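The values are calculated or read from the model by the stated rules, or taken from the named source; none is laboratory data. For clarity, every value in this text was computed on a predicted model and none was experimentally measured. Cβ sites come from the backbone with ideal geometry, for glycine too, and all protein chains shown count toward neighbours.
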Amino acid sequence: MLTFIQLTALLLLTNSNVAEKLFHSRDHSDVQTPQSHRAAVVTDELKAELFLSRYGFIKPVNWEEAQLEDPDSDPDDFLDDLQARIQEGTSVLHSRDKSQIGHHDVFKSQAENRAFISALKEFQRVSGLVVTGVFDEATKEAMNKPRCGVPDQNMDLNAPVEPENNQTDSFDKTDSNNTSDLFSSGNYSEDDLFGFNNTESFLVNISNDTNSNTSMNINNTSVDGEMGNVGGNTNQSGAVRRRRRHLAFLVSGRRRKRDLAESGFMAFSKTVLKWRLIGEGYSSQLSVEEQRYVFRLAFRMWSEVSPLEFVEDVWSPLEDVDIKLGFGTGRHLGCSQRFDGTGQEFAHAWFLGDIHFDDDEHFTGPNSHSGISLLKVAVHEIGHVLGLPHTYRPGSIMQPSYLPHESSFEMDWMDRKAIQHLYGACKGRFDTVFDWIRKEKTPYGDLIVRFNTYFMRDGWYWLYENRNNRTRYGDPVALQIGWHGLPSDGVDAHVHVWSKKRDVVYFFKGTQFWKYDNENDQVFIKDSDGHRYPRLVSEGFPGVPSPIDTAFYDRRDSHIYFFKGTQVFAFSVETSSLARGFPKTIRDVFPPVERGDHPDGHIDAAYFSYTHSAIFLLKGTRFWQVAGSRQRWRRPLLPRNGLLPHREVDQQWFDICNVHPTALKLTR
């Protein structure tokens, strides 16, 4: 049997990637695209050019203006849009000596052909294909993959604004001067559009919507993204259509004039956002409750990695809802863009907060092994609404093409950093932080010591995956779910007394403490010594006042250090009494390394980390590391237990984020 010293050495010497064993799975969906009602397949260069034009590779698309186009125009609006650019081709002499070429190539000018080849090369590059400039089978296959309908290349926000022609009968100078009234009357911000520029600039080419939950009614035609009410008049006059186009032009022009480097360009300035699955936009494939469950889960996934919180709102007026979701087919929900059927575009999102899903696609719920995962698509489209563009990085949820995931689906590191670039990292104080130690036997009978790190706040806890530098997906979880018998509103401290003679876990709350039974994963009602729990702190730890702020066990001297206010009480577990000379001030026990850089009492959490082999004191959003033997060996003049200069908690431990209370317990 291993001795205590051997167990301690085994834990400290074990690589944390091995010692910290975790597993969490949320979605194992796979995809088999249905064959019926498929979208038109890209089969030749003409259709490839249409594809490249539609998604901005030939010329960046003004996606913002596209939203405000007349939704009641001809269903073939995309081809009609090209009509204005079609020119008569030059004649070509017939010759049996010339090589055979396609009819489309005959009518291309040299400039158009160069533009097509350049766009084709760009598409091949971002798609990870061999860059040839030739419409080959690999390129054809990539173009026919299911994908998001949002363009990959949006209009350059820094491009100079070109004046529009033919505005004389719609807007004169007076109308233009009054345009600000249109924006102010609806509290409409100039920062509503998010950009979709190239991958290299995707972290900065985002614009800002400070209030996208308002509406603008122009000639009684709503353009606020309220699905089902956009373009309600099917016989709009030319003046109304020109007015809509001019409004879109003004909005986009104001965007382009902004300096993109001056702010974060987040889509929303508030942190609590309302969403709704609208009644006229239910899917015909999944139950309404299944749809709402998937969307709650999708919003929660973004909340788990950002300061944003999302709440489903089914009661407020629709104009007060920030993000509206719905399903439709073909010409749908008053949208200016039509869906193409099964096989290509499965959804699109707009900067005003609308997300539309193509109900011709075979959407499935989480853990389904067929169809297209509605969860993955919803997470992607929500990312657009929040301000993220497409990126071509493997593993990113913001890739334009839908790819089945072989393993569990989660957002990768860069997706999390991208959203935090816009909205900031998650900050907040914690009630306690600790490493939970447990012993396990392998199938071969070997004893292994493992640990997990837990952060607790207000009755909820996060399991922190040190090897991945993030919290476990799906957290936070209610404290009583993982720690049976503890107070539902949280605890003040965790102490693990681990010595040659003892292996005991205590939790403290107010004037009481609990002894925890690791074997049965619950608090003791009565332990082997006959003590009933909870007990008063004064009974189990004489001389220690309560309630305490926090505490930790220091194996170096077998003392429990209790913190209360500006004082520290060192309690000897060997003598069951206060150590000689205590209490002392916190500055005496933990002096600052740099003058003035000290928490000065009222500590939130004291934590010994097995990952870092160090003691940390946390207060508010900051932490101080206690100088250990390694730092003192490098810098002999450091005082014992000296507090190194503070750092921000979110710079050491990432993505410990709150979610809205309504999303903490997800049920179908």
Exercise for the section: Say whether the condition of being surrounded by 14 or more Cβ atoms within 10 Å (Cβ to Cβ) and under 35 Å from the mean Cα position of the chain (by Cα) is met by at least one residue in region 552-572. Expected result: yes
Problem - Criterion: of a type in the set (A, V, I, L, M, F, W, C), under 19 Å from Arg555 (Cβ atoms) and either modelled with pLDDT under 95 or assigned by TED's automatic domain parsing to the domain that holds His559 (or both) - qualifying residue of Ile448, Ile481, Ile525, Ile437 - result: Ile437
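Tell me, please, whether a residue that is at pLDDT 80 or above, loosely packed, with under 13 Cβ neighbours inside 10 Å and closer than 24 Å to Leu403 by Cβ can be found in region 138-147. Give the steps one after another, and end with the answer.
Applying the first criterion (at pLDDT 80 or above) to region 138-147 yields 138-139.
Those left that are additionally loosely packed, with under 13 Cβ neighbours inside 10 Å: none.
No, region 138-147 contains no residue that is at pLDDT 80 or above, loosely packed, with under 13 Cβ neighbours inside 10 Å and closer than 24 Å to Leu403 by Cβ.
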Practice task
Kindly check whether there is at least one residue in region 627-648 that is at pLDDT below 95 and among the acidic types (Asp, Glu).
Solution key: no
Practice task
Looking for whichever is in contact with a Lys or Arg (Cβ under 9 Å, 6 or more places away or on another chain) and surrounded by fewer than 20 Cβ atoms within 10 Å (Cβ to Cβ) here; the options are Arg393, Arg331, Arg416. Which one fits?
Solution key: Arg331
Handout entry: Odd one out for Asn466, checked against (1) within 26 Å of His559 (Cα to Cα); (2) within 36 Å of the chain's Cα centre (by Cα)
Key = (1)
Problem - Residue count for region 301-328, restricted to those that are surrounded by fewer than 19 Cβ atoms within 10 Å (Cβ to Cβ) and either outside any helix (DSSP H, G or I) or modelled with pLDDT of 95 or more (or both) - result: 8
Exercise for the section: Tell me which residues, restricted to region 266-290, are crowded, with 17+ Cβ neighbours inside 10 Å and under 19 Å from Ala418 (Cβ atoms). Expected result: Met266, Ala267, Phe268, Leu273
Practice task
Of the numbered conditions (1) surrounded by 15 or more Cβ atoms within 10 Å (Cβ to Cβ); (2) more than 17 Å from Asn658 (Cα to Cα); (3) out of contact with any Gly (no Cβ under 9 Å at 6 or more places or on another chain), Arg470 fails exactly one; give the number of that condition.
Solution key: (2)
Handout entry: Test result for His369, of a type outside the set (Lys, Arg) and farther than 13 Å from Leu325 by Cβ
Key = yes
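Would you point out which residue out of Arg331, Arg338 is under 21 Å from Ala40 (Cα atoms), basic (Lys, Arg), in contact with a Gly (Cβ under 6 Å, 6 or more places away or on another chain) and in contact (Cβ under 8 Å) with a residue 12 or more places away in the chain?
Arg338
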Problem - Qualifying residues in region 645-668 (those that are in contact with a Pro (Cβ under 9 Å, 6 or more places away or on another chain) and farther than 28 Å from Phe299 by Cβ) - the one surrounded by the fewest Cβ atoms within 10 Å (Cβ to Cβ) - result: Pro645
Problem - Ile382 outside any helix (DSSP H, G or I), at pLDDT 85 or above and surrounded by 20 or more Cβ atoms within 10 Å (Cβ to Cβ) - result: no
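Please determine, by comparing only the residues of region 575-594 that are under 14 Å from Gly540 (Cα atoms) and in contact with a strand residue (DSSP E or B) (Cβ under 9 Å, 6 or more places away or on another chain), which one is surrounded by the fewest Cβ atoms within 10 Å (Cβ to Cβ).
By that ranking, first place goes to Ser577.
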Practice task
Could you list, in sequence order, all residues of region 531-574 that are more than 21 Å from Trp436 (Cβ to Cβ), small (Gly, Ala, Ser) and part of a loop (DSSP other than H, G, I, E, B)?
Solution key: Gly543, Ser546, Gly565
Practice task
Considering only region 482-532, state which residues are exposed (fewer than 13 other Cβ atoms within 10 Å of the Cβ), of a type outside the set (Asp, Glu) and at positive phi.
Solution key: Gly530
Practice task
Within region 441-449, identify whether any single residue is of a type outside the set (Ser, Thr, Tyr), surrounded by fewer than 20 Cβ atoms within 10 Å (Cβ to Cβ), in a loop (DSSP other than H, G, I, E, B) and under 17 Å from the mean Cα position of the chain (by Cα), and answer yes or no.
Solution key: no
Problem - Scan of region 622-640 for residues that are part of a loop (DSSP other than H, G, I, E, B) and either crowded, with 16+ Cβ neighbours inside 10 Å or small (Gly, Ala, Ser) (or both), ordered by number - result: Ala627, Gly628, Leu638
